[in-house]
Every structure is written in structure tokens, then in C-alpha cells.
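Engineer: Once you've had a glance at the structure underneath, I'll fire off some questions.
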Amino acid sequence: MNDPSSKSFDDRNLLLQLAEDDEAVFTLLYQKYWPLLMRVAASFIDDNDTCKEIVQELFVALYKKRARLKIKISLSSYLYASIRNRIRNHIRHQSVYNKIIRDVKRKHTASTANNVEQFVNKSELEREIYVCLNDMPVKCRQVYLLYQQNRCPLKNIAALLDRPVDTVEKQFRKAVHLLRIHLNQRQIGV
């Protein structure tokens with residue numbers, strides 16, 4: 001490895017020596033431009049760790065492309081333009097990320113609001129059904145409750161109550177009809 005102190009420190013010579021895979025020259029370049037690039041990054045981004053990451057990524061990319069790097073402007077101008085582009089990309093990605101987070105939060109808030117609304121609607125529906133059941137004839141209420149609670153066929157309910165199946169079916173239809181009328185009057189959808 002060549003001694004960097006014996007070489008010219010101008011940017012053009014640094015680039016030529018960097019292309020020759022001289023690690024000492026890369027270290028020198030890193031030390032020379034790190035503070036400047038950090039200041040540029042910090043002028044756009046408040047987070048110091050993010051600034052370090054962006055500058056570090058720039059130097060990694062520079063090192064990876066060192067053999068095929070063709071810079072037609074000054075090295076400082078090239079690095080300034082590169083860091084500015086990386087900052088723009090970071091801000092753009094951060095903006096997209098923040099938009100996604102806002103959308104998710106908005107959907108979650110809407111979903112939570114819908115859940116609360118559904119709970120209130122369900123509670124209101126249950127209360128109105130209870131009011132209607134208390135007002136309907138006892139035999140219709142019995143048939144309806146047995147059907148809703150046990151989900152057993154109307155034939156089984158007829159046998160349990162010792163009533164004809166036709167009568168139980170009529171009582172069930174009447175209970176459902178009374179519920180619909182009651183809920184329609186209260187404008188509650190079933």
C-alpha cells in the first residue's frame with residue numbers, strides 16, 4: 001500500500017488513487033468529506049443517526065463503484081449532489097411511510113368507531129327486542145324464545161309445549177311479525 005502522505009491531496013489524484021484500490025486514500029477521502037457531508041445532511045434532517053446512516057451509505061456506494069467511477073465535475077460537487085439526492089430519497093420514503101402510517105391509523109380509528117357504533121346498535125336492538133317480547137302474547141313469546149335460545153325445530157318445540165305443530169308455527173310467525181312491526185316503528189334494521 002502506498003503512503004497517502006506522499007501523494008497529492010487534490011480530489012482528482014484522490015479519485016485516481018481510489019480507483020487503484022488504495023484503502024488509505026479511501027480513508028483520507030472519508031476523513032476529509034465526512035464532516036462536510038454530515039453538516040449538509042443535518043441541515044435537512046433532524047435525526048443525527050439518520051444523517052450518519054445516509055452519509056455512511058454514500059461512502060459505501062462510493063467505495064463499491066470506485067473502479068468504474070467517472071466523475072466529470074469536482075469531487076466535492078459530486079459528493080454534494082449525491083448526498084442531496086440521498087436526502088431527497090430519504091425524505092420521499094419517509095413521507096410515503098408517514099402517509100401509510102396515517103392511513104393505517106385512520107382506518108383503525110374508523111374501525112374502532114364502527115365497532116363502537118355496532119356495539120351501540122346491537123345493544124339498542126337487543127333492548128327493543130326485549131321490550132317487544134314483553135308486550136307480545138305469552139304463547140308467542142315462549143315459542144320465539146325457545147326457537148332463538150335452543151335453535152331447535154318448531155316440531156320439537158310443539159312436542160315440548162304439548163301443542164299442535166301448526167299452532168306453534170303460527171305463534172312463531174306472529175312473534176316474528178310483531179318484532180318486525182315494533183322494530184320498523186323504531187326504525188331499527190334487523
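Engineer: Please go through the stretch 39-58 and give me each residue that is under 25 Å from the mean Cα position of the chain (by Cα) and of a type in the set (S, T, N, Q), ordered by number.
Structural biologist: Passing the criteria: only Thr50.
Engineer: Follow-up question, since we're still on this one. Every residue in the stretch 166-180 that is over 20 Å from Leu125 (Cα atoms) and either of a type in the set (Lys, Arg) or open to solvent by 50 Å² or more (accessible area, probe 1.4 Å) (or both), please.
Structural biologist: Within the stretch 166-180, Asp166, Thr167, Glu169, Lys170 meet the criteria.
The values are calculated or read from the model by the stated rules, or taken from the named source; none is laboratory data. In this text, all values refer to a predicted model and were calculated from it rather than measured experimentally. Just the protein is used for accessible areas: all its heavy atoms, side chains included, with ligands, DNA and RNA removed. Shrake-Rupley method; radii C 1.70, N 1.55, O 1.52, S 1.80 Å.
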